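The values are calculated or read from the model by the stated rules, or taken from the named source; none is laboratory data. These figures come from a predicted structure and were not determined experimentally. Cβ coordinates were reconstructed from backbone atoms using ideal geometry, including for glycine residues, and neighbour counts include every protein chain displayed.
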Amino acid sequence: MNMTPALLLAGLAVLLALGSSAVSLLASRDPSVLRRVAMPLIGLSGLAALAAGLWALIAGGDISTTLPFGLPWMPWQVRLDALSGFFLMTIGLVVCAVGIYGPSYVRGFEHGRESLTALGGFTGLFLAGMLLVVLANDAFLFMVAWELMSLSSYFLVAFQHENAANRRAAFLYLLMAHVGGLTILLGFGVLSGFGHSFAFDAMREAILSPGWASVAFALAFVGFGMKAGLVPLHAWLPEAHPVAPSHISALMSGVMLKVAVYGFIRVVFDLIGQVQWQWGVTLMVIGSLSALVGVLFALMQTDLKRLLAYSSVENLGIIFIALGLALVFLSTGHALLGALAFVAALYHVINHALFKSLLFLGAGAILHSSHERDLEQMGGLLRRMPWTGAFFLIGCLSISALPPFNGFVSEWLIFQSALQAWQLESGVLRSLIPIASAVLALTGALVAATFVKVYGVAFLGQARSRHVRHARQGTFGMRAGQGFLAGLCVLFGVLPTQVIMLIDGVSVQILGTGLPQASAHGWLWLTPISSETASYSAPLTILLLTLVAGFAFWWFLRGVPRRIRRSDPWDCGFAPPTPGMQYTATAFAQPIRRVFGPLFEIDEARPAHADGEPRYRLKLTDRTWGLLYLPVARAVESASRRVVRLQSGNVRTYLGWTLATLLVLLWIIS
């Protein structure tokens, strides 16, 4: 199949994103331009990216070309293959939903003080940067697109800059983004030094020694891991994602983090090529730590968007556990098992993009309607926002990895690959992989507890605040955007075999092998290795669940009398229940907080209020701040104070430093 139309569609997606940014300049005169023109262009860009990605996956080839941009001796090169096509499809699906959801959501900013030109302009640049990262075929274009993505998203995080906390979160994000970008650049420097070119094609042909390959891997892992939010480099993520507008939070958590995963896969699995099992162990350890720490901090949160941000740390940890398994199996000669873990990682990439974007859009709908992000102030939203409640429930079930939703399939595939650890010869690896699997299982249970808390506190019970009591259902566009992603969560869970057949082309192209047995028994059964090892049928699972639910409902109706008298139940003479008597989000997480208390910096107190009534205060702080970030900040401040002493204000001192510098340079040159 000819790949040229796919590349043209990808180029069209980039142009539409840039066009949306350019059109947003008119929003300063007419605020409705953002909602009527800029956001629809974003949606069309996502549609073009989706079409290009599907075309590349179905065609299975690759096509590259050179653009008339860049430097005279270093023009930009772009390439569309199965891997970039998969991530284009992932970006396109989420951006299409944001394009549907966005016009209604941004309408709430038209009468505010924030700059709509900045919101629309940087959103288009942000999307264009992500698309160009996926399409880049040389380090120069990759880094230009990477910085475009990082800088534009910084301005989106700082959009509501009147709040000091937002400015602080944006600065932290920008700082860590540039440190990560510098690390990635150094990694490309190692590869280009052996390939004698910044082109990816030359890097693929380069032969690296095991030591230099490990250096390139470490630099790529730190750089892309920082952008992906892996522990302990995650500090920026729970600060930046919650303060951005909700549709931007969906793009950052659902898409931008996956662009970091794309960069890691491109460098390690494609450009370096020769993998080592030690790299896989590193990924599994850091991934397990990220998954456990992320979900524990998510469970402790009462801010809904902050909770979802920490949940992204957990899910990126799961993805890197799968990539670590793939590296271990590939380096030990088990190509089929490596392909299984690799496909599982890609499946979780797209699954997380879908259900996390759905949850962020749902949180945005709640914020838009009730002006609340605090779970302790919510309650009873299901009666006031039934459509949002239904779609949010699908997102909660999907992220909790419950069948028949999409999150279950990808995590089940990761477990299936981990259960094959007995085939490895190394006893250390055979012991380490079950430990990572146990952490993954514990993480799954904690995720379920987290989202039982979220849904129960936010959508059930009684409203805890006046704003929530007056909440109303969102507009059709906001409901349609959520419904689109909710439908995909169900579809990707019900038809996993078709999705894996689509993803399998990426594994064949990058690893040289795929999963030939996945669809051997037809679309009804998913058999990742063989039918004797394990199989799963989502349609039959749905049928079984439907029969069980129908029987339970019939059994319930049998015991209901035909004539029902409705009256208030006997309350033992106590006063009627009030919203304050409900179980709170903090109370729900209290048992887990007691068990895992050493992981947190806990400030818990019961101070008296001005009116004499007791109050409860709980503050949780990430220990990585004190162990990693604050010492670095103090060292930088101390060094800065010493450097300031050089600025004495005396011209003769400055001339002396200049002379000393010249003498040192002359000595070095000579």
Quiz item: Does Ser214 count as touching a residue at least 40 places away in the same chain (Cβ under 8 Å) and polar (S, T, N, Q)?
Solution: yes
Practice problem: Return a yes/no flag: does the stretch 487-497 have any residue that is farther than 19 Å from Glu411 by Cα and buried (at least 16 other Cβ atoms within 10 Å of the Cβ). | Solution: no
Practice problem: Please verify whether the stretch 220-240 includes one or more residues that are of a type in the set (Lys, Arg) and crowded, with 24+ Cβ neighbours inside 10 Å. | Solution: yes
Quiz item: Restricting attention to the stretch 439-452, does a residue exist that is outside any helix (DSSP H, G or I) and either surrounded by fewer than 24 Cβ atoms within 10 Å (Cβ to Cβ) or on the phi > 0 side of the Ramachandran plot (or both)?
Solution: no
Quiz item: Picking from Leu41, Leu25, Leu9, which residue would you name as being more than 22 Å from the chain's Cα centre (by Cα), hydrophobic (A, V, I, L, M, F, W, C) and surrounded by fewer than 19 Cβ atoms within 10 Å (Cβ to Cβ)?
Solution: Leu25
Quiz item: Can you name the residue in the stretch 511-554 that is among the small types (Gly, Ala, Ser) and at pLDDT 80 or above and, of all such residues, is nearest to the chain's Cα centre (by Cα)?
Solution: Gly514
Self-check item: Close pairs from the stretch 579-602: first within 15 Å of Val293 (Cα to Cα), partner assigned to a loop (DSSP other than H, G, I, E, B) and among the β-branched types (Val, Ile, Thr), Cβ under 9 Å, at least 6 apart
Solution: Ala589/Thr302
Practice problem: Out of the residues in the stretch 364-383 that are more than 23 Å from Ala97 (Cα to Cα) and either assigned to a helix (DSSP H, G or I) or without any contact (Cβ under 8 Å) to a residue 40 or more places away in the chain (or both), state the one that is farthest from the chain's Cα centre (by Cα). | Solution: Arg383
Practice problem: From the list Gly389, Gly338, pick out the single residue that is under 25 Å from the mean Cα position of the chain (by Cα), within 25 Å of Thr90 (Cβ to Cβ) and at pLDDT below 95. | Solution: Gly338
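This table checks each residue for (1) touching a strand residue (DSSP E or B) at 6+ places or on another chain (Cβ under 7 Å); (2) surrounded by 23 or more Cβ atoms within 10 Å (Cβ to Cβ); (3) among the β-branched types (Val, Ile, Thr).
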| site | (1), (2), (3) |
| --- | --- |
| Val285 | no, no, yes |
| Val295 | no, yes, yes |
| Tyr310 | no, yes, no |
| Val328 | no, yes, yes |
| Ala344 | no, yes, no |
| Val349 | no, yes, yes |
| Ser357 | no, yes, no |
| Arg383 | no, no, no |
Quiz item: Just wondering, is there one or more residues in the stretch 184-195 that are more than 27 Å from Tyr629 (Cα to Cα), without any contact (Cβ under 8 Å) to a residue 24 or more places away in the chain and touching an Asp or Glu at 6+ places or on another chain (Cβ under 9 Å)?
Solution: yes
Self-check item: Given (1) buried (at least 21 other Cβ atoms within 10 Å of the Cβ); (2) β-branched (Val, Ile, Thr); (3) at pLDDT below 90, number of the condition Thr4 does not satisfy
Solution: (1)
Quiz item: Looking at Val328, is it touching a Gly at 6+ places or on another chain (Cβ under 6 Å) and either aliphatic (A, V, I, L, M) or at pLDDT 95 or above (or both)?
Solution: yes
Quiz item: Scanning for something within 19 Å of Gly395 (Cα to Cα), touching a residue at least 40 places away in the same chain (Cβ under 8 Å) and of a type in the set (A, V, I, L, M), does the stretch 266-286 turn up at least one residue?
Solution: no
